[in-house]
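Trainee: I'd like to ask you about the structure that follows.
The values are calculated or read from the model by the stated rules, or taken from the named source; none is laboratory data. Every value quoted in this text rests on a predicted model; they were computed, and no experiment measured them. Positions of Cβ are backbone-derived with ideal geometry, glycine not excepted, and every protein chain shown enters the neighbour counts. In case anyone asks, the SASA skips ligands and DNA or RNA and just uses the protein heavy atoms, side chains included. Shrake-Rupley method; radii C 1.70, N 1.55, O 1.52, S 1.80 Å.
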Amino acid sequence: MKKAIVTGHTRGLGAAIAAELQSRGIAVLGLARGRSPLAGIEQLEVDLADPAALEAWVAGPALRDFLAGADAVYLVNNAGVVTPVGQLASQDPAAVLQAVMLNVGAPLALAAAFVQAAPDAVRRIVHVSSGAGRNAYPGWAVYCATKAALDHHARAVQVDGDPRVLAVSLAPGVIDTDMQAAIRATPEGNFPLRERFVEMKDSGGLTSPEDCARNLVDYLLAAGFGAEAVDDLRN
Ligand SMILES: NC(=O)c1ccc[n+]([C@@H]2O[C@H](COP(=O)([O-])OP(=O)(O)OC[C@H]3O[C@@H](n4cnc5c(N)ncnc54)[C@H](OP(=O)(O)O)[C@@H]3O)[C@@H](O)[C@H]2O)c1
């Protein structure tokens, strides 16, 4: 039996990943602040940027109970924010802390809790990263730094060398979601590359969440998963 945990399953890429996993007969537990209308999955309403809330949940039995009985388990660390966008002079320190907790703290803590909660299963972890973790973009210092942290976490987990615990930090491409709409709505002064993203949308250059999720789940379930700790779905 296969079971998967998907963070940020209520919208965008995460919603499509949850639906794709479910369509392949994999039991899904979604973690987000809101709820998904997708029937037949388990859901937990949790603010993953709130360390106390996440800590309380992982300390309880819910994670272990959900994963019980599975021989292969998956964690898709998908929830993330691009904000705060802008140079240091304009960044709200509270928003910086929120982004670091959601984009890095929660994925790393969940990865550890997930591995410990299913000691007898094959465990695969995908961090949903970004090209921004590999290239520096003006206005995206926090986003770039948090995604680079996920990449390096996967590299270090790989050198830990447990063949039953595999982690990959995967850039998914540019996807037509609420996050992209927010990027296009960013004032040019905060994000000088805004126009590039507007043109990408206008020229039909964005991937649909469904197509991206199909490729990501193929990647997650493939025999060679883990060969590269840091990868790009467009490769
Ligand atoms: N879209 C792109 O072009 C693109 C490109 C590269 C990488 N990515 C990455 O792909 C991932 C998904 O992006 P997306 O475009 O699908 O984003 P999105 O449309 O903004 O959706 C974000 C998801 O994360 C959840 N979330 C946000 N804040 C949360 C919090 N504090 N606690 C729990 N859940 C929270 C949201 O659910 P609730 O609001 O219900 O909490 C929602 O389900 C992100 O990690 C992003 O960095 C996206």
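Okay, residues lined up against (1) among the hydroxyl-bearing types (Ser, Thr, Tyr); (2) part of a strand (DSSP E or B); (3) farther than 18 Å from Leu31 by Cβ:
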| site | (1), (2), (3) |
| --- | --- |
| Pro107 | no, no, no |
| Ala111 | no, no, no |
| Asp120 | no, no, yes |
| Ile125 | no, yes, no |
| Gln158 | no, no, yes |
| Phe191 | no, no, yes |
| Glu199 | no, no, yes |
| Gly205 | no, no, yes |
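Trainee: While we're here: Step by step: first the residues of the stretch 127-137, then only those that are assigned to a loop (DSSP other than H, G, I, E, B) and over 18 Å from Gln180 (Cβ atoms), then the one that is farthest from the ligand (Cβ to nearest atom). Which residue is that?
Mentor: The extreme case among them is Ala136.
Trainee: Output the residues belonging to the stretch 167-200 that are touching a residue at least 40 places away in the same chain (Cβ under 8 Å), within 12 Å of the ligand (Cβ to nearest atom) and of a type outside the set (D, E, K, R).
Mentor: Across the stretch 167-200, the qualifying residues are Ser169, Leu170, Ala171, Pro172, Gly173, Ile175, Thr177, Met179, Ala182, Ile183.
Trainee: Got at least one residue in the stretch 91-98 being surrounded by fewer than 23 Cβ atoms within 10 Å (Cβ to Cβ), in contact with a helix residue (DSSP H, G or I) (Cβ under 7 Å, 6 or more places away or on another chain), of a type in the set (A, V, I, L, M, F, W, C) and free of Cβ contacts under 8 Å to residues at least 60 places away in the same chain?
Mentor: yes
Trainee: Can you confirm whether the stretch 211-231 contains a residue that is modelled with pLDDT of 95 or more, in a helix (DSSP H, G or I), open to solvent by less than 20 Å² (accessible area, probe 1.4 Å) and away from the ligand (no atom under 12 Å from the Cβ)?
Mentor: Checking the stretch 211-231: at least one residue is modelled with pLDDT of 95 or more, in a helix (DSSP H, G or I), open to solvent by less than 20 Å² (accessible area, probe 1.4 Å) and away from the ligand (no atom under 12 Å from the Cβ).
Trainee: Determine whether the stretch 149-166 contains at least one residue that is more than 15 Å from the ligand (Cβ to nearest atom) and under 25 Å from Asp211 (Cα atoms).
Mentor: Looking for residues that are more than 15 Å from the ligand (Cβ to nearest atom) and under 25 Å from Asp211 (Cα atoms), one finds at least one in the stretch 149-166, hence yes.
Trainee: Within the stretch 99-124, how many residues are away from the ligand (no atom under 16 Å from the Cβ), among the hydrophobic types (A, V, I, L, M, F, W, C) and open to solvent by 30 Å² or more (accessible area, probe 1.4 Å)?
Mentor: Number satisfying all stated conditions: 3.
Trainee: Further question: More than 30 Å from Leu97 (Cβ to Cβ) and open to solvent by 50 Å² or more (accessible area, probe 1.4 Å) - does that describe any residue in the stretch 134-156?
Mentor: Within the stretch 134-156 (the criterion being more than 30 Å from Leu97 (Cβ to Cβ) and open to solvent by 50 Å² or more (accessible area, probe 1.4 Å)), the answer is no, since none of the residues qualifies.
Trainee: Within the set of pairs 6 or more residues apart or between chains, which connect a residue that is farther than 20 Å from Gly80 by Cα inside the stretch 23-38 to a residue that is polar (S, T, N, Q) and open to solvent by less than 40 Å² (accessible area, probe 1.4 Å) with Cβ atoms less than 7 Å apart?
Mentor: none
Trainee: Look through Gly14, Gly30, Gly34 and report the one residue that is touching a helix residue (DSSP H, G or I) at 6+ places or on another chain (Cβ under 8 Å), within 13 Å of the ligand (Cβ to nearest atom) and modelled with pLDDT of 95 or more.
Mentor: Working: Gly14 fails: touching a helix residue (DSSP H, G or I) at 6+ places or on another chain (Cβ under 8 Å); Gly34 fails: touching a helix residue (DSSP H, G or I) at 6+ places or on another chain (Cβ under 8 Å).
Of the residues listed, the single one that is touching a helix residue (DSSP H, G or I) at 6+ places or on another chain (Cβ under 8 Å), within 13 Å of the ligand (Cβ to nearest atom) and modelled with pLDDT of 95 or more is Gly30.
Trainee: Also, quick follow-up: Which residues, counting only those in the stretch 41-55, are closer than 15 Å to Gly30 by Cα and part of a helix (DSSP H, G or I)?
Mentor: Answer for the stretch 41-55, where residues must be closer than 15 Å to Gly30 by Cα and part of a helix (DSSP H, G or I): just Leu54.
Trainee: So for the stretch 61-74 (the condition being within 15 Å of the ligand (Cβ to nearest atom), surrounded by 15 or more Cβ atoms within 10 Å (Cβ to Cβ) and either more than 15 Å from the chain's Cα centre (by Cα) or more than 24 Å from Val165 (Cβ to Cβ) (or both)), does at least one residue qualify? Reasoning before the result, please.
Mentor: Filtering the stretch 61-74 down to residues within 15 Å of the ligand (Cβ to nearest atom) leaves none.
No; the residues of the stretch 61-74 include none that is within 15 Å of the ligand (Cβ to nearest atom), surrounded by 15 or more Cβ atoms within 10 Å (Cβ to Cβ) and either more than 15 Å from the chain's Cα centre (by Cα) or more than 24 Å from Val165 (Cβ to Cβ) (or both).
Trainee: Give the residues of the stretch 37-60 that are over 27 Å from Ala16 (Cβ atoms) and away from the ligand (no atom under 16 Å from the Cβ), sorted by residue number.
Mentor: Ala59, Gly60
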